[in-house]
Amino acid sequence: MSSSSLNHKLLHPKWAKKTKEPFDGPIPDQPFHRHRQPNGSSDEFRPEHLLQIIRVSVKAVEHEDVIDYNDGLQKLTQTWRRRDGKSELAFKGLLEFLEYCLQHSFDSNEVFESFIDTLGYNTFQFWKAAVPHIFDSDLAFGTKYRDALLFSITLYDVNNGKNRLRELYAAVPGIRKSLLGVNAKQFGERFHHLEAESELVAGFVERLRSVVVVSLGQC
């Protein structure tokens, strides 16, 4: 069974029977099934491109227009969670948003964080559905989305003091070994190094704040 078929059976059993919902404004081609390299494109990262992706996707599930990409992400996530006839379209929109973020992983950390925060407790189920598409792209087209995903989640964890990387490992057993192969260990070491640096900076700021408070008290 292919990873794509597995994804349909996990989240969309009725679509595994190849029933489709008609919709206006379709996404032109499937995310993670085209020749694009993360950070290898001549296209610069542009927030307006993300907004356009969101607008097309939201229109496909028959929502009203969106205010910004955060508003659009919330609408797509809500539709995807309902598991109804529009959920597959919403999932496609979320995939395309993720694809764009991973294509520009060095520039999209802020919007990637918004993406993860919007998914909330649904991230576990989302990774189970999305990672097979990422694997398919890397194997079929030689892209490096797994590398970009690992980088983006590691950066998210460092910036937010969380452990979403462990959640990804739990959602997709075996992914830890496949992510970057030997280099996965280097990423883990780099993460712990960044985490240690973050703790050092936090400690320095706290000590500086104490010095300032004491100094003000002596004035």
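Checked against the criterion of being closer than 17 Å to Phe45 by Cβ, assigned to a helix (DSSP H, G or I), in contact (Cβ under 8 Å) with a residue 24 or more places away in the chain and not aromatic (Phe, Trp, Tyr), the stretch 116-128 contains not a single residue that satisfies it.
Take Val66 and tell me if it is assigned by the TED database to the domain that holds Val131 and in a helix (DSSP H, G or I). Reasoning before the result, please.
Values: assigned by the TED database to the domain that holds Val131: yes; in a helix (DSSP H, G or I): no.
So Val66 does not fit the description; no.
The set of residues from the stretch 136-156 being of a type in the set (D, E, K, R) and either within 13 Å of Leu98 (Cβ to Cβ) or in contact (Cβ under 8 Å) with a residue 40 or more places away in the chain (or both) comprises Asp136, Lys144, Arg146, Asp147.
Determine, yes or no, whether Thr154 is β-branched (Val, Ile, Thr) and assigned to a loop (DSSP other than H, G, I, E, B). No, not satisfied. Look at the stretch 46-71: where a residue is under 18 Å from Leu102 (Cβ atoms) and a partner is surrounded by 14 or more Cβ atoms within 10 Å (Cβ to Cβ) and of a type in the set (D, E, K, R), sitting 6+ places away or on another chain with Cβ atoms under 7 Å, you get Ile53/Glu96; Ser57/Lys92; Ser57/Glu96.
Looking across the stretch 45-64, the residues that are within 20 Å of Glu113 (Cβ to Cβ) and out of contact with any Lys or Arg (no Cβ under 9 Å at 6 or more places or on another chain) come down to Phe45, Arg46, Pro47, Glu48, His49, Leu50, Leu51, Ile53.
Kindly establish whether Glu88 is out of contact with any strand residue (DSSP E or B) (no Cβ under 7 Å at 6 or more places or on another chain), in a helix (DSSP H, G or I) and within 21 Å of Arg46 (Cβ to Cβ). Judged against the criteria, Glu88 is not a match.
Counting just the residues of the stretch 36-68 that are among the small types (Gly, Ala, Ser) and either modelled with pLDDT of 80 or more or closer than 11 Å to Gly93 by Cα (or both), which one comes out nearest to the chain's Cα centre (by Cα)? The extreme case among them is Ser57.
A residue that is basic (Lys, Arg), over 19 Å from the mean Cα position of the chain (by Cα) and modelled with pLDDT under 80 occurs somewhere in the stretch 201-218.
Yes or no, residue by residue, for (1) buried (at least 17 other Cβ atoms within 10 Å of the Cβ); (2) over 21 Å from Ile53 (Cβ atoms):
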| site | (1), (2) |
| --- | --- |
| Glu96 | yes, no |
| Ile116 | yes, no |
| Leu119 | yes, no |
| Phe124 | no, yes |
| Asp136 | yes, no |
| Lys144 | yes, no |
| Ala148 | yes, no |
| Asp157 | yes, yes |
| Arg166 | no, yes |
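Within the stretch 42-99, the residues that satisfy the criterion of being among the β-branched types (Val, Ile, Thr) and under 17 Å from Ala129 (Cα atoms) are Thr77, Thr79. The residue list Ile134, Ile116 contains one member that is at pLDDT 95 or above, touching a Lys or Arg at 6+ places or on another chain (Cβ under 7 Å) and of a type outside the set (Asp, Glu), which is Ile116. Taking the conditions (1) part of a helix (DSSP H, G or I); (2) among the polar types (S, T, N, Q); (3) within 12 Å of the chain's Cα centre (by Cα) in turn, Ser105 satisfies each one other than (1).
The values are calculated or read from the model by the stated rules, or taken from the named source; none is laboratory data. Just so it is clear, the structure is predicted and the values come from calculations on it, not from any experiment. Cβ atoms come from the backbone with ideal geometry, glycine included; neighbour counts cover every protein chain shown.
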